[in-house]
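As structure tokens, the structure follows; a few thoughts come after it.
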Amino acid sequence: MAKFTKTQCTSLSLMLVFISGCSTSKVPHEELSAVHSSSESEQLQPLEDVSLKHTRLKLAHSMAENKVVGSNVMASEMIGREVMDSENYQEIKANNIKKVREEPVSTFSIDVDTAAYSNIRRVLNQGRLPYSDMVRTEELVNYFQYDYKTPTNNDRPFSVTTEIAPSPWNKKSYLLNIGIKGFDIDRSELPPANLVFLIDVSGSMSSGTKLGLVKKSFQMLTRQLDEKDRVAIVVYAGAAGMVLEPTAGNNKATINTALESLNAGGSTNGGAGIELAYQLAQQSFIKGGINRVIIASDGDMNVGISNTQALIDLIKQKNKSGISLTTLGYGMGNYNSHLMEQLADVGNGNAGYIDSLAEAQKVLVEEMSSTLFTIAKDVKIQMEFSPLVSEYRLIGYENRLLNREDFNNDKVDAGDIGAGHTVTAIYEITLASDNADQIDPLRYTQSGNQSATETDELAFLKLRYKLPSDDTNSNPSTSKLVSYPIEKSSIQTNISESSNNFKFSAAVAAFGQSLRGGNYLVNDFNYEEIIALARQGKGSDINGYRGEFIQLVKLADNLAD
């Protein structure tokens, strides 16, 4: 008879319990809603997820085939993979290469969301590589602050910096880096804030990494407020309710007591909570101030208005009141990333994912101004490439692409920039003079080269934006246009000559592409090379975020092996 160690016996026992279902109580939702007032440690769990049953069956079959006995790793990996399978992400197809002769204009909305980076960090730290759809490369790049020049004129609330150098992963192409930096504002100079914390207290939020972390996150934000600010708290599960009426920001004891009183239980009626939150925000509306609803949830809305489009339409309707929306995702297993991002987009806000207190500190304390205070709305980028460029590819921003005509249409929504935000977009381009096209020319097009302008312009960059003060309830505000020619003479011949901003953003972009399959990393640009490039562009790294990135790349390298 086979002999097992104590550790192996313990692992086998736990797996048998997991397979039998003994660890999960099946409790009707109506009973769950009745435990809302009980202590967190006594909370009953929601109905068993179908994916967990599926996991038990797979685990049982594996054990029957002698694949699991004595192995802790395989069981945890199977369970973890099934948990990831029940999360919801938008399917993303990477942007392909465009021929300038056929499609010279590229148009997209900026994106300041950072949820994808902290979410894949969570997955990597759990010992798994993320699915490709979890990875939105532009959100990885924009997680980091870059040292772009600071704007000097509030009438043009952001500066634009461009830089071109050889691509680190393709010797025949170049990277064109576009850097945008919003003007910053000291926290003491922020206008009064009218905030509504909209907190999901349904059964799916019962773990400490969800509701427990939500409480601590909002307590950290509360410490930054003062007497001119207002905070209200709304919760939603099977129904929605007000836990705290609008309260002065310096009344921290009252706010913290209200937060600590929250317990999880029941199904999730997000629509009702959104309705009530906006109603409270409207009642305390501060003209010229910050008016914002902040949702904290795993995004698992399963009763009431649970249809995605209906929720989006609700936010669009409420958005006309001048109240913005920020979404903060928590937890794993049933995290609905796609919904949380969509709600933030239509709510003129941003989407984050809080996987730790450190991330809460970054989003709600260190970057409080950029999270809460909008300086430019509906920011769109349009790039027209000259015949000096033969091919181009936009890295990331797949779900932010716009039609060419959308650029001049002020009714078309786009992303917003907060105070101090930096936004980076990267194109990979091929010069016509290098004869290094990856796409064959069409047979039935006019022969001969197109002539470029008399200048040495590679491209012409245009940005449209609106100032928040221009908003009205009845008509869309008129956008402002800024434009910048990009000269061929600005090309740097060696990546070593480029800035730290260029090197580090290129390293992060390479990491994102690698996690998504690396189809365009033609020179097999590997993790070791990504790490080396990131180290070259690391810079001062005051908060240690870039150093953490390097460690994540190392972790991904080990997991890939």
Next item on the list: Collect the residues in region 508-533 that are of a type in the set (A, V, I, L, M, F, W, C) and without any contact (Cβ under 8 Å) to a residue 40 or more places away in the chain, keeping them in residue-number order.
Entry: 530, 531, 532
Checklist line | Contacts under 7 angstrom Cβ, first residue in region 160-180 being within 17 Å of residue 533 (Cα to Cα) and touching a residue at least 60 places away in the same chain (Cβ under 8 Å), partner among the β-branched types (Val, Ile, Thr) and assigned to a loop (DSSP other than H, G, I, E, B), 6 or more apart | finding: 169/522; 170/522
Item checked: Residue ID - nearest to residue 429 (Cα to Cα), chosen from residues in region 520-533 that are modelled with pLDDT of 95 or more and acidic (Asp, Glu) -> 529
Notebook entry, point to check: Where residues in region 353-405 are without any contact (Cβ under 8 Å) to a residue 60 or more places away in the chain and not in a loop (DSSP other than H, G, I, E, B), which of them is farthest from residue 436 (Cα to Cα)?
Noted result: 358
Next item on the list: Please verify whether region 135-149 includes one or more residues that are at pLDDT below 95, within 15 Å of the chain's Cα centre (by Cα) and closer than 16 Å to residue 177 by Cβ.
Entry: no
Checklist line | region 324-359 - residue that is out of contact with any helix residue (DSSP H, G or I) (no Cβ under 6 Å at 6 or more places or on another chain) and among the acidic types (Asp, Glu) and, of those, nearest to residue 401 (Cα to Cα) | finding: 345
Notebook entry, point to check: Residues 348, 334: which one is closer than 22 Å to residue 420 by Cβ, touching a residue at least 24 places away in the same chain (Cβ under 8 Å) and either among the polar types (S, T, N, Q) or not assigned by TED's automatic domain parsing to the domain that holds residue 431 (or both)?
Noted result: 348
Check: Got a sec? Which of 561, 557 is charged (D, E, K, R), modelled with pLDDT under 95 and surrounded by fewer than 16 Cβ atoms within 10 Å (Cβ to Cβ)?
Finding: 561
Checklist line | Per-region count, region 306-346, residues outside any helix (DSSP H, G or I), among the hydrophobic types (A, V, I, L, M, F, W, C), touching a Leu at 6+ places or on another chain (Cβ under 9 Å) and under 22 Å from residue 207 (Cα atoms) | finding: 1
Checklist line | Check on residue 551, more than 16 Å from residue 142 (Cα to Cα), surrounded by fewer than 17 Cβ atoms within 10 Å (Cβ to Cβ), free of Cβ contacts under 8 Å to residues at least 40 places away in the same chain and of a type in the set (S, T, N, Q) | finding: yes
Next item on the list: Report the residue count in region 525-554 for those that are farther than 11 Å from residue 511 by Cβ, under 21 Å from the mean Cα position of the chain (by Cα) and assigned to a helix (DSSP H, G or I).
Entry: 5
Note to self: Quick check on this structure: which one of 297, 306 is buried (at least 20 other Cβ atoms within 10 Å of the Cβ), out of contact with any His (no Cβ under 9 Å at 6 or more places or on another chain) and modelled with pLDDT under 95?
What the structure shows: 297
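Residue-wise test of (1) hydroxyl-bearing (Ser, Thr, Tyr); (2) modelled with pLDDT under 95; (3) outside the structural domain of residue 533 (by TED's automatic domain parsing).
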residue: 157; (1), (2), (3): no, yes, no
residue: 160; (1), (2), (3): no, no, no
residue: 165; (1), (2), (3): no, no, no
residue: 170; (1), (2), (3): no, no, no
residue: 179; (1), (2), (3): no, no, no
residue: 204; (1), (2), (3): yes, yes, yes
Item checked: Residues (surrounded by fewer than 24 Cβ atoms within 10 Å (Cβ to Cβ) and of a type in the set (Val, Ile, Thr)) located in region 282-293 -> 286, 290
Checklist line | Residues of region 183-205 that turn out to be in a helix (DSSP H, G or I) and either closer than 30 Å to residue 158 by Cβ or of a type in the set (D, E, K, R) (or both), as a count | finding: 3
Check: If residue 200 satisfies every condition in (1) under 27 Å from the mean Cα position of the chain (by Cα); (2) surrounded by fewer than 19 Cβ atoms within 10 Å (Cβ to Cβ) but one, which is the exception?
Finding: (2)
Check: Taking residue 92, is it in contact with a Phe, Trp or Tyr (Cβ under 8 Å, 6 or more places away or on another chain), modelled with pLDDT of 65 or more and of a type outside the set (Asp, Glu)?
Finding: no
Margin query: Of the conditions (1) surrounded by fewer than 22 Cβ atoms within 10 Å (Cβ to Cβ); (2) under 18 Å from the mean Cα position of the chain (by Cα), residue 386 satisfies every one except a single condition; which number is it?
Written below: (2)
Notebook entry, point to check: Among the residues of region 165-212, which ones are aliphatic (A, V, I, L, M) and within 23 Å of residue 248 (Cα to Cα)?
Noted result: 185, 190, 193, 195, 196, 198, 199
Note to self: Looking only at residues that are at pLDDT 95 or above and part of a loop (DSSP other than H, G, I, E, B) in region 494-519, which one is nearest to the chain's Cα centre (by Cα)?
What the structure shows: 516
Next item on the list: Scan (1) of a type in the set (Ser, Thr, Tyr); (2) surrounded by fewer than 23 Cβ atoms within 10 Å (Cβ to Cβ); (3) touching a residue at least 12 places away in the same chain (Cβ under 8 Å); (4) in contact with a strand residue (DSSP E or B) (Cβ under 9 Å, 6 or more places away or on another chain) for the single condition residue 254 breaks and write down its number.
Entry: (3)
Next item on the list: Would you check which residues across region 347-369 are buried (at least 23 other Cβ atoms within 10 Å of the Cβ), within 21 Å of residue 110 (Cβ to Cβ) and not hydroxyl-bearing (Ser, Thr, Tyr) and list them?
Entry: 347, 348, 349, 350, 351, 352, 363
Next item on the list: List the strands (runs of 3 or more DSSP E) that sit entirely inside region 206-302 and contain at least 1 residues that are under 28 Å from residue 191 (Cα atoms) and under 28 Å from the mean Cα position of the chain (by Cα).
Entry: 230-236, 290-297
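The values are calculated or read from the model by the stated rules, or taken from the named source; none is laboratory data. This structure is a prediction, so every number in the text was calculated from the model and none was measured. Neighbour counts run over all protein chains shown; Cβ positions are idealised from the backbone, glycine included.
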